[in-house]
Each structure stands twice: as structure tokens, then as C-alpha cells.
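Read the figures in this text as sums done on the coordinates, not as results from a lab. The model shown is predicted, which means the values in this text are computed figures rather than measured ones. Because the Cβ atoms are built from the backbone with ideal geometry, glycine has one as well, and the counts that use them run over all protein chains shown.
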Amino acid sequence: MKMKKISKSAGVLLIATVLLLTSVAVMADTVEEQKLDPRFISGMGSDVYEGNMIQSAEDPLYTQEPYQPFESWIFMTSHAPVGYRVHDNFPNIAEEICDLHWWGLSLVYDGGWQNCDPEGMCFQIIFWDGLLGNPVCTYNEVCPPAVPTGTFYSTFEMFYWETVLDPCCDMSMYQEGWLSIQSYSSQNNCWFLWAGSDDGDHYHYQEGSSDPEDFINDTAFELTPAGPPPVPAIACSGVGTAFGDVDPGQNVTCQIKVCNDGEPVSFLNWEVDTTNVPTWGTWKFIPEFGTDVLHPNCEVIDVECTITSEEGDYSGTITVINSDDPSDTCSVTVSANVIVPRARTVHSPLFMNLLQQFPALYLIIKIILGA
């Protein structure tokens, strides 16, 4: 399918040229050499490992890709608690926008920038009219998981987010639209810094900053139409599932690792088939189910079993099911060799000789043992 990538119009290139001469958001050679500013972080030509950025859609409506680490790059703060919100414009799109993808950093500023785990980061996303005066579509409480990209800028790893817009946003009546993405909370109080791009008209607006409020860069995002979501697939493996020699009534443990082996940026919901477990034991699974396991991540199930059968060799399977596709399952084999302890008979020549010499000793022992 042919790519429908659209470039922004050149209507603001003159403004961008003027701002290039006056903006205080000029790139420095390295992060360490620049004056650290909570509005943004920028750098040039990082030699840290460059990974592969996630490409979100085969046929996007509009794309602005992030700067690569070897380029002059910038990330702009767009975090509500500190008063910054970044907006970027995009041209007319004839179709409904149903999916949004974006890139950025998760940092915290305390006189300098520090890495911050983006777990649970939530956003407000707004599509605005061409004058950036009225919101057309607003999405609150957008909390998708942050996907590590393996791409580093100085010592900071870039993350990727994606969300389905429900309902889709129709911007077709506007010659131009604006998009704002602003974080407002996270479990670790992290700030979102939107990745820069040079794929547009080299102009965006940062609300809350001063002198200037306009920057000579674009932001990295992608707009896509409606389409099928990425498909997850389940895979699992066992650790310590061969219990070996055990006694009746003994408690044994093992682990099962459940992984999403499906398409990139897919989410797996899974559950243990607790109705079809081996009958030679009583089984307990912690947890019994899981949700939103992002490809290629895994979760671990702690398994406890109380052996209930008598002597013999036993084996069986534990099955884990893809909750959204019951035909997609995985299983691990568990086994045990149950041994019933035998009562031991004492045959001591010395003891037997004593009983023969002192017959009353046998009666005394029976009285002591209550036999």
C-alpha cells in the first residue's frame, strides 16, 4: 500500500527562519555543555548506542519521525504540573484520525535532568482547530504503556506511546489542525518531553514558556486511520516443573513464564486453565490471570501443588490460554514420582539376645510403649 505521508506547508518557513536567529532553544554540541533548562533538553551527535525505533503503522495518514541520536536533537517539556504544554500543527487530513503514536523522554528536572521510570504515565490529548483557538477532539486519562525503543540520546532512552482514539477524530473540515500531548501524572512523578523532528515546517508552540514561546523544531508523532490492532500470541515455559521424588501430602513449587510472542505493540490477556489440571495434586496459581502484557514482555506464575496421590510416577500438563483467542494456548509438562515411606523392622542381634536372656524385658517395653 502506498505511503500517504504528507509534508507540512511552507507557510511558516519565513517565521521559522527569523526565529532561528533569535530562539534561545538553539542546539548545543553536547548536553553537558548547554545551559540546562526545564523547558527542553537538546544535544548533538550522541555516540551512545542507537537502537531501532518502533515504526508504528504501514500506511499512516501523517508522520513526523524523531531526530536520530547522531543529529542535532531536541526534546520539549510538555507536563501539566510544571505548566508546560507543547502544540504542533499538521495539514488537512481527509480521513478520520483513529490512532495516535508519539515519541519522547521520561525525565525529571531538579537543577538538571535525570532519568525517570515512566510507569503509569497519563496524558491529555487535544486536537485543535487551525487557529489553535478551539479544541475539536479531547481525550482525557490516556494512559498507554511506555515502550522502550533502545535508542539513547546522551544517557536518556527514548520511549514510544500509542493509543486508539475512541471515538475517532474528524479534522477534515479544517485546512490545518493542531495537536497537543501533555502528561499530567505518573507513578514516579516523571515529566514527559516530546521528541523533536525536522519533518514538518520547523515550527511548534510551547505554552507556559517565555521568550520565546515559538520553537524552530517540530515534534515526533504519527496519525493513522482505523485498522485492526496488532495481534498478540501466547508462549510459555516452565522452571522446576519436574518435582522428582516426593511423598504423599508433600507441598512442591515451580514457576511458569507466560510471554507475548505476537506482533510488535500488541497486548496479551491470559488466564490459567484451572479446570483441567493434573488430578494427582491440588494446584494453586499466583496469579491465575494477567492483562495487557506488551510484546515481547513476560509474566511469571508461581505454582504450588500438594501431592494427593499414592505411590507411582505421574505427569500432566498445565495450560495457559490467550483470553482473547481461546484457540491460542501454551502448556508446560509437570511430573512427580510419589514414594510411600515403608515401616522399618529392627533386626539387632544384640537386642534379640537381650530379649532371650531377659524375657521380662519384652513385657516392660510393651508397658512403656503402651502396647
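With a simple spin-label model that places each label point 7 Å from the Cα along the Cα-to-Cβ direction, the separation between T274 and N337 comes to 3.2 nm.
Estimated from the Cβ-Cβ distance and a Förster radius of 45 angstrom, the FRET efficiency linking V136 and D110 is about 0.80. A simple packing score, the average count of other Cβ atoms within 10 Å per residue, orders the peptides 330-340, 308-318 as 330-340, 308-318, with the highest score first. Applying 1/(1 + (r/R0)^6) with R0 = 41 Å to the Cβ-Cβ distance of T306 and E95, what FRET efficiency is obtained, to the nearest 0.05? The calculated FRET efficiency here is 0.10. Residues of the range 264-293 with backbone nitrogen within less than 11 Å of a virtual label 7 Å along the Cα-to-Cβ line of D324, please, listed as ranges. Hits in the range 264-293 for D324 at 11 Å: 265-270, 292-293. When Rg and the Kirkwood radius Rh are both evaluated on Cα atoms of the range 106-188, their ratio Rg/Rh stands at 1.05. Working note: Cα gyration tensor of the range 234-338, eigenvalues times five, square-rooted, sorted largest first, giving semi-axes of 28, 12, 10 Å. For the peptides 96-105, 240-249, residues were scored by their other Cβ atoms within 10 Å and the scores averaged per peptide; the highest-first order is 96-105, 240-249.
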